[in-house]
Amino acid sequence: MADKVALVIGAGESTGGAIARRFAREGYVACVTRRSADKLAPLVEQIERAGGKARAYGSDARKEEQVVELVQSIERDVGPIEVCVFNVGGNVRFPIRELTARVYTKVWEMAALAGFLAGREAAKVMVPRGRGTILFT
């Protein structure tokens with residue numbers, strides 16, 4: 001089991017990837033996630049080439065059962081999550097008059113609901129230990 005684990009939800013090519021690389025440089029196992037784990041292979045390889053440790057997980061942060069399984073899996077297989085970074089976002093640009101309720105709901109699920117699920121599940125494992133940090137970027 002690892003001593004320090006950082007979970008980065010929404011680890012893409014820019015901000016999330018940079019956050020994961022930084023935690024790996026600081027000695028954390030960077031557990032990186034996005035909907036498709038395959039897209040995380042370059043990030044994991046980059047972290048490992050630099051001497052860090054990383055694990056990739058495919059998980060849709062909008063799906064409660066997937067977030068629950070993600071946190072449980074990391075806690076069981078990697079170690080206690082010390083830091084959880086929620087970095088899910090999207091670039092959805094519509095004039096308000098053209099925005100549909102369906103598109104708005106998808107944006108809300110991605111930002112608000114997914115953030116709630118991540119924070120709740122991280123808190124469930126951190127609070128009983130009396131330590132941990134949850135960040136929203």
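The values are calculated or read from the model by the stated rules, or taken from the named source; none is laboratory data. All values derive from a computational prediction rather than experimental measurement. The protein model used for the area step is the full one, side chains on, heavy atoms only, and it has no ligands, DNA or RNA in it. Shrake-Rupley method; radii C 1.70, N 1.55, O 1.52, S 1.80 Å.
Taking 1 over the mean of 1/r across every pair of different Cα atoms in the stretch 47-101, what Kirkwood radius in Å do you get? Mind showing how you got there, number by number?
Values: mean 1/r = 0.0694 Å⁻¹.
Value: 14.4 Å, from the Cα pair sum.
Heavy atoms only, 1.4 Å probe, whole protein assembly: order MET110, MET126 by accessible area, highest first. Show your work: numbers first, answer last.
Working: MET110 45, MET126 10 Å².
Sorted by accessible area, descending: MET110, MET126.
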**Item:** the stretch 69-79 - phi-based ³J(HN,Hα) in whole Hz, Karplus 6.51/-1.76/1.60, Gly and Pro as x
**Value:** 5, 4, 5, 4, 5, 5, 4, 6, 9, 10, x
**Message:** Of all beta bridges DSSP finds with both residues in the chain, what is the antiparallel percent, to the nearest 5?
**Reply:** 0
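Where does the stretch 11-86 land on Rg/Rh, using Cα atoms and the Kirkwood Rh? Let's see the in-between values first.
Details: Rg = 11.5 Å, Rh = 12.4 Å.
Rg divided by Rh gives 0.93.
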**Request:** Equivalent ellipsoid semi-axes for the stretch 40-137, as square roots of 5 times the alpha carbon gyration tensor eigenvalues: give them largest first, rounded to whole Å.
**Result:** 28, 18, 11
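Taking Cα pairs under 8 Å and at least six residues apart, what relative contact order does the stretch 59-137 come out at, in percent?
Values: 75 pairs, mean separation 36.8, N = 79.
Result for the stretch 59-137 is 47 percent.
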**Request:** Using Cα pairs closer than 8 Å and at least 6 residues apart in sequence, work out the relative contact order for the chain, in percent.
**Result:** 27
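Mind checking the per residue accessible area of the chain for me, 1.4 Å probe, whole number of Å²? List each step's numbers first, then the result.
On the way: 7860 Å² over 137 residues.
On a per-residue basis, the chain sits at 57 Å².
Rounded to the nearest 500, what is the 222 nm mean residue ellipticity of the chain from helices alone, with -39500 (n - 2.57) per DSSP H run of 4+ residues and division by all residues? Walk me through the intermediate numbers first.
Numbers: 5 runs with 58 residues, N = 137.
Estimated from H runs of four or more residues: -13000 deg cm²/dmol.
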**Asked** Using heavy-atom solvent-accessible surface (probe 1.4 Å) with all chains present, what is the largest-first order of ARG49, ARG55, ARG129?
**Response** ARG49, ARG55, ARG129
**Complete:** Out of THR15, THR105, THR33, a Gaussian network model of the chain with alpha-carbon springs under 10 Å gives the largest mean-square fluctuation to THR105
